[in-house]
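A short worksheet on the structure shown next.
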Amino acid sequence: MIDVSNLHVTLGDKQILKNINFHVAPGEFIGLIGPNGSGKTTLLKTIAQLITAKEGKIKIAGKDQKAYSHKEMARHLSYVPQDTHIDFNFNVKEVVSMGRHAHREFLQSNKADEEIIKEMMLATNTWRFRDDSILNLSGGQRQLVFIAKALAQDAPLILLDEPVSALDIYYQMHILKLLQALTSQGKTVVTVLHDLNLASRFSEKLLLLQNGEVRTFGHSNEVLTEKRLKETYHIDAKIRRDELIDALNVTPL
Amino acid sequence: MNKLTMRWKRNRVFKTTITLVLMTIILAVAFIVGVSLGPISIPFKETIMIFLHKLQLINYAGFTDQQWVVITEVRLPRVLVASFVGAALAVAGVAMQGLFRNPLVEPGYIGVSSGAALGAVCAIFFGWSAINQWLLPISAFIGALFAMFVIIIVWKATNQRSIAVLLLLGIGVNSFFSAMMNVLVATSKNEQELRGIVFWLQGGLEARTWEHVLIISIPITIGIIILFLFGSQLNMMLLGEDHAKTSGINTRVTRNFVLTIAALITGAAVAVSGIIGFIGLVVPHILRLAIGPDHRLLLPASALGGAAFLILADLISRMVIQPITLQVGVVSALIGAPLFVFLIIRAYKGVSL
């Protein structure tokens with residue numbers, strides 16, 4: 001689904017990403033982890049073509065990302081940014097409907113659009129405040145709305161930057177389980193997650209970034225080791241297997 | 001929530017129809033009142049009959065020659081110019097506010113109006129306007145486009161492509177163009193030329209003729225219709241560059257194209273009426289409060305609202321302190337500025353704009 005080779009990204013004079021290489025297969029759930037400033041958001045934005053790489057190549061679904069038109073690209077990938085700030089008084093359903101732009105022909109909106117919008121709003125539990133102004137929502141509710149918008153876009157690849165950062169524990173589980181269910185239907189999910197326990201629980205693979213380089217990419221067993229957490233995050237942590245959910249649990253000491 | 005508000009919120013066709021019908025009625029009333037009232041007032045019924053006669057829809061002869069001349073030669077072109085200018089400035093305002101994601105932007109803010117004004121002043125200063133009547137508006141178009149291109153090019157050269165940078169650039173461009181105009185006024189060679197420039201700079205809608213209507217109607221009508229087609233793109237630009245791009249909008253092309261068209265209609269408006277402020281700000285604001293930010297509806301509603309607003313402002317300017325005629329820009333500012341302050345206070349109290 002994603003092929004990144006020899007990727008270098010600079011912003012201003014600063015090199016943010018150095019020689020990134022990795023491959024994501026369709027249907028995978030990838031957790032993007034790393035300390036603050038390690039380049040997670042930049043990597044996600046470069047894949048979404050919001051930042052132009054200085055060097056290197058990114059292929060989406062086997063085709064160079066530069067070969068896509070904007071609309072084609074939006075039919076292949078959707079993106080949930082970290083910042084959900086908005087100043088204008090749209091209602092919630094209007095915002096979610098904007099996710100359908102790439103599927104619409106000129107001046108036309110169809111029934112299938114309405115169906116998927118409703119489906120995704122119900123799935124994210126945002127349908128109940130569909131008529132409310134986006135400005136009257138809490139940060140967490142707004143985050144849910146933008147996730148609904150990205151899902152309504154119905155692209156095979158979904159990129160999310162900290163999608164659960166503003167959500168309470170119920171919705172953290174709800175959204176991550178929803179994304180997991182989507183991967184079993186064949187969608188590919190790449191998401192930045194700060195919470196290592198959530199990352200290890202839901203991701204099939206973890207991509208650990210450090211200082212703009214890929215430190216490790218693999219199953220959580222290989223990535224989350226006490227030694228590596230010490231080297232990247234500079235923390236002393238104990239790692240145990242949580243039998244209840246069959247996932248690694250990181251406890252910083 | 002009762003049934004009607006529910007329908008208003010959920011049914012876009014219903015909301016669009018109600019809004020546009022209402023705005024059309026407001027514009028029609030403003031139009032008839034604007035043409036009827038003045039130093040020589042003509043009954044509304046008479047005015048409507050003369051309209052219909054002029055349009056050759058009916059054959060009517062119950063009017064005096066004076067009434068006919070006042071309406072068809074004096075007021076009709078003036079009110080038509082007011083409609084086109086008002087519509088153009090309001091629509092350009094909406095488009096720019098959408099692109100810059102700031103409800104306080106106006107064509108004047110980013111230097112487009114003063115670019116157009118400089119173009120027009122150049123046409124008078126170098127005597128082009130005496131060669132051909134089309135050279136003044138063309139020169140205003142070029143001035144507006146030039147301002148737009150300077151802003152876009154400098155903006156692109158900066159690393160940080162933020163909206164704040166763009167607006168600050170506009171301030172710089174504005175002061176530069178005003179300075180250039182002052183240079184031209186100061187070095188003007190003869191009395192007559194100076195008077196021409198000053199008269200033009202004051203702006204306003206006095207003594208507008210069918211020639212003026214002809215000059216601006218085509219570019220403004222085409223420009224506004226093209227901008228109407230960008231409604232959903234502008235909606236998505238409001239969510240921010242990242243959202244718009246990943247939802248399938250070519251943000252660069254959309255921005256450049258929309259700004260060019262906005263510059264074009266602003267240039268056309270400035271060419272016949274000088275700089276009239278606040279319309280591009282106030283009309284979209286009021287409408288946004290009433291109907292929300294959806295550009296698919298906001299753009300056409302603003303065109304109708306801007307036209308009605310300027311007709312009424314012009315009417316006030318010639319009726320309130322008779323026989324003195326105020327500049328229409330003065331009236332627009334008298335209504336617009338307090339409203340603007342009020343809106344800012346509202347915004348800072350945490351109520352959305």
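Apply the Kirkwood formula to chain A: the hydrodynamic radius equals the inverse of the mean of 1/r over all pairs of different alpha-carbon atoms; give it in Å with one decimal.
18.9 Å
Counting only residues at least eight positions apart within a chain, or on another chain, the aspartates and glutamates with an alpha carbon under 12 Å from that of A:Lys40 are A:Asp161, A:Glu162, A:Glu213.
Scaled against the 2.2 N^0.38 Å expected of a compact globular protein of N residues, the Cα radius of gyration of the stretch B:46-175 reads 1.48.
Rounded to the nearest 0.05, the FRET efficiency derived from the C-beta distance between A:Lys238 and B:Ala157 at R0 = 41 Å is 0.20.
Here the ratio of the Cα radius of gyration of the stretch B:14-83 to 2.2 N^0.38 Å is 1.23. Modelled this way, with points 7 Å down the Cα-to-C-beta line, the labels at B:Lys189 and A:Asn197 are 8.4 nm from one another. The convex hull drawn around the Cα atoms of the stretch A:97-150, when projected onto a plane and averaged over every direction, covers 3.9 nm². With the charge dipole of the protein assembly as shown set up from +1 on Lys and Arg Cβ and -1 on Asp and Glu Cβ about the Cα centre, the Cα lying farthest toward the positive end among the listed residues A:Leu196, A:Phe88, A:Ala102 is that of A:Leu196.
What does the highest-first list of B:189-199, A:194-204 look like by mean Cβ count within 10 Å?
Numbers: B:189-199: 13.0, A:194-204: 20.7.
The densest-packed peptide leads the list: A:194-204, B:189-199.
Kirkwood Rh, Cα Rg: Rg to Rh for the stretch A:1-62?
Working: Rg = 11.4 Å, Rh = 12.0 Å.
So for the stretch A:1-62, dividing Rg by the Kirkwood Rh gives 0.95.
Here A:Lys238 is the anchor, and the aspartates and glutamates within straight C-alpha reach of less than 19 Å, apart from those fewer than 8 places off in the same chain, are A:Asp195, A:Glu222, A:Glu226, A:Asp246.
Computed over chain B, relative contact order equals 28 percent, with contacts defined as Cα pairs under 8 Å that lie 6+ residues apart.
Average the reciprocal distances over every distinct pair of alpha-carbons in the stretch A:51-112, invert the result, and give the Kirkwood radius in Å. Before the final figure, lay out the partial values.
On the way: mean 1/r = 0.0695 Å⁻¹.
One over the average 1/r among Cα pairs gives 14.4 Å for the stretch A:51-112.
Sorted from greatest to least, the principal axis extents spanned by the alpha carbons of the stretch B:200-281 come out as 50, 23, 15 Å. Averaging 1/r over each pair of different alpha-carbon atoms in the stretch A:1-125 and inverting the result gives 16.8 Å, the Kirkwood hydrodynamic radius. Here the contact order of the stretch B:111-225, divided by its residue count and restricted to Cα pairs under 8 Å and six or more residues apart, works out to 31 percent.
Per residue, the average separation of C-alpha pairs within less than 8 Å and at least 6 apart gives the stretch B:1-124 a relative contact order of 13 percent. In the protein assembly as shown, the DSSP beta bridges split such that about 60 percent are antiparallel, to the nearest 5. Residue pairs exceeding 32 angstrom between C-alpha atoms, taken from A:Lys118/B:Lys245; B:Lys15/B:Lys156; A:Lys177/B:Lys156; A:Lys149/A:Lys205: B:Lys15/B:Lys156; A:Lys177/B:Lys156. Scoring B:37-48, A:48-59 by mean Cβ neighbours within 10 Å over their residues and listing the highest first yields A:48-59, B:37-48.
Take the convex hull of the alpha carbons in chain B; its mean projected area over all directions comes to 20.8 nm².
Given the Cα atoms of the stretch B:109-186, and with Rh set as the inverse mean 1/r over their pairs in the Kirkwood sense, what is Rg to Rh to two decimals?
Taking Rh as the inverse mean 1/r over Cα pairs, Rg/Rh reads 1.06.
Give me a single rounded figure for B:137-144: the average over its residues of other chain Cβ atoms within 10 Å of their Cβ. List each step's numbers first, then the result.
On the way: counts 0, 0, 0, 0, 0, 0, 0, 0.
Per residue, the average neighbour count from other chains is 0.
The charge dipole of chain A, taken about its Cα centre with unit charges on the Cβ atoms of Lys, Arg (+1), Asp and Glu (-1) only, comes to about 400 debye.
Mind checking Rg over Rh on the stretch B:84-150, alpha carbons, Kirkwood formula for Rh? All intermediate terms of the calculation are to be shown ahead of the outcome.
Numbers: Rg = 13.2 Å, Rh = 12.5 Å.
Result for the stretch B:84-150 is an Rg/Rh of 1.06.
For the stretch B:144-248, the calculated P(r), taken from all Cα-Cα distances in 10 Å bins from zero up to the bin holding the longest distance, is 11, 23, 34, 22, 9, 1 percent. Over the stretch B:172-319, the alpha carbon radius of gyration divided by the compact-protein estimate 2.2 N^0.38 Å works out to 1.25.
Computed over the protein assembly as shown, the percent of Cα pairs more than 44 Å apart is 32.
Counted over the stretch A:117-219, the DSSP beta bridges are approximately 50% antiparallel.
Every number in this text was worked out from the coordinates using simple rules, so none of it is lab data. Note that the structure is a prediction, hence the values are computed from the model and not measured. Cβ coordinates were reconstructed from backbone atoms using ideal geometry, including for glycine residues, and neighbour counts include every protein chain displayed.
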